[in-house]
Amino acid sequence: IAELGLQPGETVLELGAGTGETGFEAAAILGEGGRLISSDFSPEMVEVARRRGTELGLSNVDYRVIDAERIELDADSVDGVLCQSTYMLVGDPAAALAETRRVLRPGGRLALSVWGPPERNPWASIGGMILVERGHIPPPEPEAPGVFSMASEERTKALLDGAGFGSVRTEEVPVRFAFRDLGDYEQWVIDVAGPFAMVLRGLAEDEREVLRARLREAFVPFATDGGYELPGVARCAVASRMQSAASAP
C-alpha cells in the first residue's frame, strides 16, 4: 500500500481480495472521494469481504466478482492495483498481468506479492511434499498454477516485463507462522489452503494420523516452547504502467 503512493480521491482495484483486509487499509487513505474496488474470483469470498466492510463502516468500497484474466473494467480506469498471493494461482498469469496493465491509467502502479521458493517456505512445502509422497496429490508441474509457480524472481520479472510494465522492483519479505500444536496447523490448512484442504477433508482418520506423525517428525526443527514457528519468504514486486503508449504489448 505504501509503495502505491495513494492519494485521496483515487481509484484502486484489489484482485484476489479474499476477506478484503488489505484493500480496506487502502480505502482509508482514498477517503470519501476515492474508491476501492474489492474483487475476488469467488462470489463467496466477495460476500465475506462485503460483510466485513459493512462492519467497519466503509462507504467507499465496491464489491465485485472479477476474473483476473478478464477484468471487466474500462481501460485506463484505475490509479493503482493491489494483488496479494493471487497471480501465482491463475491459469494464465501473463494474461492476468496484461489485463492489469490495461485497466491502469498511465503512470499507475501495481503492487503484488507471491511466495518465494518451497525450501524457504516449509509452512507450505512440507505438508505438500508429504501429500505427494503418500499419493494424495500429483507432483507439481513447473509453472503450473500453485503456491510456488512464481517463486523465481526471474519468472516474476519476466512476466511483468512481458505485460508491458516498467520500473519493476522486487523485494523479499520474511514472515513467520506460529501454531500452538499440530492440530492448530491442521485446522489452519483446512481453513485457508484450498486444494490441500479438500484433500485433507476427504482422508480417512487413520491416514490423517499417518500424516500427523510425518508432520510431527518434519516439524521438529521448528518446535518452540509454545508449539511451532515456521518461517516463510514472500516475494513482493512493484511495477508501473509507463506514460508512453509505445510500450504497450
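The values are calculated or read from the model by the stated rules, or taken from the named source; none is laboratory data. Remember, it's a predicted structure, so these values are computed and weren't measured experimentally. FYI the Cβ positions are ideal-geometry reconstructions off the backbone, even for glycines, and counts take in every protein chain you see. For accessibility, only protein heavy atoms count, side chains too; no ligands or nucleic acids. Shrake-Rupley method; radii C 1.70, N 1.55, O 1.52, S 1.80 Å.
From the Kirkwood radius over Cα pairs of segment 112-249, Stokes-Einstein at 4 °C and 1.567 mPa s returns a whole-number translational diffusion coefficient of 77 µm²/s. From the P(r) of segment 129-170, could you give the percentage of C-alpha pairs in the tail past 15 Å? Tail fraction, whole percent: 54.
Using only the alpha-carbon atoms, how far is helix 122-133 inclined from the longest principal axis of the chain? Give it as 0 to 90 degrees, nearest 10. With rounding to tens, the tilt is 60 degrees.
Orientation-averaged projection of the chain equals 14.0 nm² [convex hull of Cα atoms, one quarter of hull surface area]. According to the Kirkwood relation over distinct C-alpha pairs, the hydrodynamic radius of segment 31-146 is 16.4 Å.
Within the chain, DSSP assigns beta bridges of which about 55% are antiparallel (rounded to the nearest 5). Dividing the mean sequence gap of close Cα pairs (under 8 Å, 6+ apart) by how many residues the chain holds gives a relative contact order of 20 percent. The GluC sites (Glu not before Pro) of segment 110-162 meeting both criteria, a DSSP state outside H, G, I, E and B (loop) and at most 16 other C-beta atoms within 10 angstrom of the site's C-beta, are GLU143. Under 14 Å from the 7 Å Cα→Cβ point of GLU229, by amide nitrogen: which residues of segment 147-191? Zone members listed by number: 175-180.
How big is the gap, in Å, between the Cα center of segment 131-165 and the Cα center of segment 175-216? Using only Cα atoms to place each centre, the spacing works out to 22 Å. Among bridges DSSP assigns within segment 1-111, what percent are antiparallel (round to 5)? Around 5 percent of the beta bridges assigned by DSSP in segment 1-111 are antiparallel ones. In the frame of its principal axes, segment 1-98 has Cα extents of 34, 27, 23 Å, reported largest first. Ligands, DNA and RNA excluded, the heavy atoms of THR54 present near 100 Å² of accessible surface to a 1.4 Å solvent probe. The trypsin sites (Lys or Arg not before Pro) of segment 158-204 that DSSP puts in a loop, and whose beta carbon has at most 14 other beta carbons within 10 Å, are ARG180.
For the chain, with all protein chains in place and a probe radius of 1.4 Å, 54% of the accessible heavy-atom surface sits on carbon or sulfur.
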